[in-house]
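Data block below; observations after.
The values are calculated or read from the model by the stated rules, or taken from the named source; none is laboratory data. Treat the numbers as computed from the prediction; the structure is a model and nothing was measured. Positions of Cβ are backbone-derived with ideal geometry, glycine not excepted, and every protein chain shown enters the neighbour counts. Side chains are part of the model used for accessible areas, which takes the heavy atoms of the whole protein and leaves out ligands, DNA and RNA. Shrake-Rupley method; radii C 1.70, N 1.55, O 1.52, S 1.80 Å.
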Amino acid sequence: MTTQLFNTAHFVQAMRDNGYKNAAYALAELMDNSIQAGASQVELLCGEKEFIDQRRRMRIDQIAVLDNGAGMNAEVMKVALQFGNSTHLKASEQTGMGRFGMGLPSASISQCKRVDVWSWQNGVDSALHTYLDLDKITSREQRGIPEPVQSEIPDVWRKVGTSWGKSGTLVVWSKIDRAMWRTAQAVITNSEFIIGRMYRKFIESKSVAIRLVQFDIEQPMPTAKDKLAQPNDPGYLMERTSCPAPFNDQAMFEVWGHESTYEVNFEGGNHLIKMEFSMAKREARENSPGGKVAGSLPHGAHAGRNIGTSVVRAGRELDLSQVWVLSEQTERWWGVKIEFPPALDKLFGVTNNKQSAHSFTDLGTIDFDEELKGGKTITALRDEMLEDGDPRAPLMDIAHHI
């Protein structure tokens, strides 16, 4: 007789502490799914309603992500809500943002106790629905993923959403108990900065538009306020971004040096890693005529929130790593981007919540001045690491270059 591998109720409760930095990073997991499903429009819909404790105030009640992607059939919907399952687990299929099979359920329960999914492939009226409810799982009323059944999408989402294509998916969070931002405006404002940075390449190329909506869930129209997310480029080489004037429609930085490309052989394949460096233009670093320090001006403050090395995987930023950052204020005036394909996830140490590449960022702690004393070359250091079986060895040249 075999023993059950894990207690479902306890496992799901433990999975709530899965390391998502905040709601924006958890929402990004849902947007990854949307973009990988071919969506050209993704909407973040934040509904709040009035609560009364010591006084009346508006508080977030439900959050949804809507897309016009390919949609899912019943079998794929069940897979999507399973922990550790995915339609992209084979190595040959790991070319996009998805991979680990933890995204939708893991990200959702990190913020809320119930997630509902509607998906359709032949018009919105054909939508199938299923869900996870932590309260029901804890009480053992829910022991698995309910069979998806055709179900009408609640009217509130039909009113505030606009991306109702022939196919698509709607994911709704309710019983929200772990989101650090308490109002719809706070969710939108903070998510726009992070999401704009994560998906800047998609937004700039206009391959994806991300609409952000805040509304009163009790009376969604005409309270809904919406806007489109703007690209947020920490390298400040893009034009028409969320950076404040005068650099909202022109690049604030310029390319420093030239783009570097490294070819890495890993697990039998050759893969390219690209690096890009940028430095603030002189006019961006100059103090204002009134004597205000450039870093305290709106564009300088924006750059102060984007300090670090941008680690990009499959076109989507994983992390803005600060491991190479010193404490000086001038750190805001440079940018480094490193981009690699999903085939190198193991080499870079990509976490299953796609928030960091720890093997790569660990290299930022190496003191190269100390390691290369006595005329030792970076090649010799790399060879020593290879002999020691250090998996980071193929990335040594890149870390040294930074």
(message) Restricting to the stretch 32-62, count the residues that are open to solvent by 30 Å² or more (accessible area, probe 1.4 Å) and under 18 Å from Gly196 (Cα atoms).
(response) 4
(message) Considering only residues that are of a type in the set (Phe, Trp, Tyr) and open to solvent by 10 Å² or more (accessible area, probe 1.4 Å), which ones fall in the stretch 102-122?
(response) Trp118
(request) Check whether at least one residue in the stretch 202-209 is in a loop (DSSP other than H, G, I, E, B), of a type in the set (Gly, Ala, Ser) and over 19 Å from Ile307 (Cα atoms), and report yes or no. (result) yes
(message) Of everything in the stretch 264-281, what is more than 14 Å from Val336 (Cβ to Cβ) and in contact with a Leu (Cβ under 6 Å, 6 or more places away or on another chain)? Give them in sequence order.
(response) Phe266, His271
(request) Pick out, from the stretch 276-362, the helices (runs of 4 or more DSSP H) lying fully within it that include 2 or more residues that are open to solvent by less than 10 Å² (accessible area, probe 1.4 Å) and either in contact with a helix residue (DSSP H, G or I) (Cβ under 7 Å, 6 or more places away or on another chain) or touching a residue at least 12 places away in the same chain (Cβ under 8 Å) (or both). (result) 298-304, 345-348
(request) Just one of (1) farther than 21 Å from Phe340 by Cα; (2) free of Cβ contacts under 8 Å to residues at least 60 places away in the same chain; (3) open to solvent by 10 Å² or more (accessible area, probe 1.4 Å); (4) part of a loop (DSSP other than H, G, I, E, B) trips up His258, so point out which. (result) (1)
(message) Need the failing condition index for Lys175 against (1) outside any loop (DSSP other than H, G, I, E, B); (2) open to solvent by less than 40 Å² (accessible area, probe 1.4 Å); (3) farther than 16 Å from His129 by Cα, just the number.
(response) (2)
(message) Can you report the number of residues in the stretch 363-402 which are open to solvent by 60 Å² or more (accessible area, probe 1.4 Å) and in contact (Cβ under 8 Å) with a residue 40 or more places away in the chain?
(response) 3
(message) Just the residues that are at pLDDT 95 or above and either surrounded by 17 or more Cβ atoms within 10 Å (Cβ to Cβ) or touching a Cys at 6+ places or on another chain (Cβ under 6 Å) (or both), please, taken from the stretch 135-162.
(response) Pro148, Ile153, Val156, Trp157, Val160, Gly161
(message) Regarding the stretch 351-369, can at least one residue be identified that is hydroxyl-bearing (Ser, Thr, Tyr), touching a Phe, Trp or Tyr at 6+ places or on another chain (Cβ under 6 Å) and under 21 Å from Val311 (Cα atoms)?
(response) yes
